[in-house]
1. Starting at the first residue of segment 89-98, write each ³J(HN,Hα) from the Karplus equation 6.51 cos²θ - 1.76 cosθ + 1.60 with θ = phi - 60°, in whole Hz, x for Gly and Pro.
2. With all pairs of different alpha carbon atoms counted, what Kirkwood hydrodynamic radius in Å does the chain show?
3. Going by a ≥ b ≥ c, the root eigenvalues of the Cα gyration tensor, does segment 128-221 fall in the rounded group (a/c under 1.5), the prolate group (a/b larger than b/c) or the oblate group?
4. Please list 3J(HN,Hα) in residue order for segment 138-155, calculated via the Karplus relation 6.51 cos²θ - 1.76 cosθ + 1.60 where θ = phi - 60°; whole Hz, with x for glycine and proline.
5. Whole-Hz ³J(HN,Hα) for each residue in segment 181-186, computed from phi via Karplus 6.51 cos²θ - 1.76 cosθ + 1.60 with θ = phi - 60°, x for glycine and proline: what do you get?
6. What nm value, rounded to one decimal, do you get for the distance between residue 169 and residue 84 when each label is placed 7 Å out toward the C-beta?
7. Let me check against my output: what whole-number percent is the relative contact order of the chain, with C-alpha pairs under 8 Å and at least 6 apart?
8. Add -39500 (n - 2.57) for each DSSP H run of 4 or more in the chain, then divide by its residues: what number comes out at 222 nm, to the nearest 500 deg cm²/dmol?
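Coordinate-derived values only; no laboratory data. Being a predicted model, the structure only gives us computed values, none of them experimental. For neighbour counting, all protein chains shown are included, and Cβ atoms are generated from backbone atoms with ideal geometry for every residue, glycine included.
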Amino acid sequence: MRTRATVMTAVLACLVVAGCAEGDGGGATERSAQEILDGANRTMSELTSVTVEGKTTNAKGEGFTGRLTTDLKSRCTSRTTWNFNGAALEQIRIGETDYVRPNRAYIEWWSDKPMSGAQKTWFKTPASEAQRGDGLSACPRDFTSFGTTKKGEPTQVDGAPALALIVTDKSVKTGKYTFYVATEGKPYILKVVYKGTDFHTTTTYSGFDKPMDVRPPTKVLDVSTLDK
């Protein structure tokens, strides 16, 4: 299905952008754009937790929203919702185990079979069985600079002073990234916007180093027992 493939490519772009490129806050007027970018990458890489929220739409207006809270190592929770069919997928990852809860629309979408009644069951499955493009998230994030960076204008993100950094790359010929980096306190990345001819993505970051309470669901169905 071409629409499905397009959306799944965007899923990865939305969630992977958390590890693309960022900036640095204090001393932004004296530092080069590249120095700001590298400094923000270091700061984000040292976080013990962060919440990433994103919205992606393609040229037809189809897309999804996602929310991921992660310790950047082995514990995270996520929820992704698609706007064109009502599909939704929840996930809790603890070490090598995934707990996932797809809604009925998601199951019908991927199985191409109708399903009656509501779907509230959590499924337990090895994290190693997660496949690229299925909507599940990995907890680690690779904060690495890329492309060519130049300074934009000072601005605010939800009331917080920030500096825009515009990033272009030869491998991304149809669009550009704008990274908004905090200029007061630690140089966190507050928002990333990608605008291209293929799709648009807005990603925000919050909950820096906030305590996480990630636990498995109380009632689960172990997928490994289904064949027994």
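1. 9, 9, 8, 10, 10, 10, x, 9, 10, 10
2. Numbers: mean 1/r = 0.0538 Å⁻¹.
Roughly 18.6 Å, rounded to one decimal.
3. Oblate, because a/c is 1.5 or more while a/b does not exceed b/c.
4. 8, 6, x, 9, 9, 8, 9, 5, 8, x, 10, 10, 9, 6, x, 9, x, 7
5. Computed from phi, the couplings for segment 181-186 are 10, 4, 10, 10, x, 5 Hz.
6. Computed distance between label sites residue 169 and residue 84 equals 2.5 nm.
7. Details: 535 pairs, mean separation 59.1, N = 228.
Relative contact order here is 26 percent.
8. Numbers: 3 runs with 36 residues, N = 228.
Computed ellipticity for the chain at 222 nm equals -5000 deg cm²/dmol.
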